[in-house]
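See below for the structure under consideration.
The values are calculated or read from the model by the stated rules, or taken from the named source; none is laboratory data. Only a predicted model underlies this, so the values are computations on that prediction, with no experimental measurement involved. Using ideal geometry, Cβ is built from the backbone for each residue, glycine included, and neighbour counts are taken over all protein chains shown. Surface areas here come from the heavy atoms of the whole protein model, side chains and all, with no ligands, DNA or RNA. Shrake-Rupley method; radii C 1.70, N 1.55, O 1.52, S 1.80 Å.
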Amino acid sequence: MEHAGFYWIGLIFWLLISSGFILLFLGLWKKSWKTLIVSGVALILPTLYFGGAENWFRVVVFLPLIPLVLAYIIKKNNV
């Protein structure tokens, strides 16, 4: 039972990643800027883990910028 915390952290990590991508696709499909913002926020924490990686894995840190920039573009075009 002493390693249960490790499993919870892993579960939360993968839930944030999967929900971020699901919300990204839903936001693009429905053109909802609010859904895209939630997607970007959900992806921020898991991608910070890859910030300490070597080589090209550091590029993953910029992944949350994609839904946030798309949310800005959709919001700007709908006004």
All conditions in (1) more than 28 Å from Asn77 (Cα to Cα); (2) modelled with pLDDT of 95 or more are true of Leu45 except (2)
Filtering the range 1-21 down to residues that are assigned to a helix (DSSP H, G or I) and open to solvent by 100 Å² or more (accessible area, probe 1.4 Å) yields Phe6, Tyr7, Trp8, Ile9, Trp14
Taking the range 54-72 and keeping only residues that are loosely packed, with under 12 Cβ neighbours inside 10 Å and in a helix (DSSP H, G or I), one is left with Asn55, Trp56, Val59, Phe62
Within the range 27-38, the residues that are open to solvent by 70 Å² or more (accessible area, probe 1.4 Å), within 28 Å of Gly10 (Cα to Cα) and not charged (D, E, K, R) are Leu28, Val38
Taking the range 39-53 and keeping residues touching a helix residue (DSSP H, G or I) at 6+ places or on another chain (Cβ under 6 Å) and either surrounded by 15 or more Cβ atoms within 10 Å (Cβ to Cβ) or among the aromatic types (Phe, Trp, Tyr) (or both) leaves Ser39, Gly40, Ala42, Leu43, Pro46, Thr47, Phe50
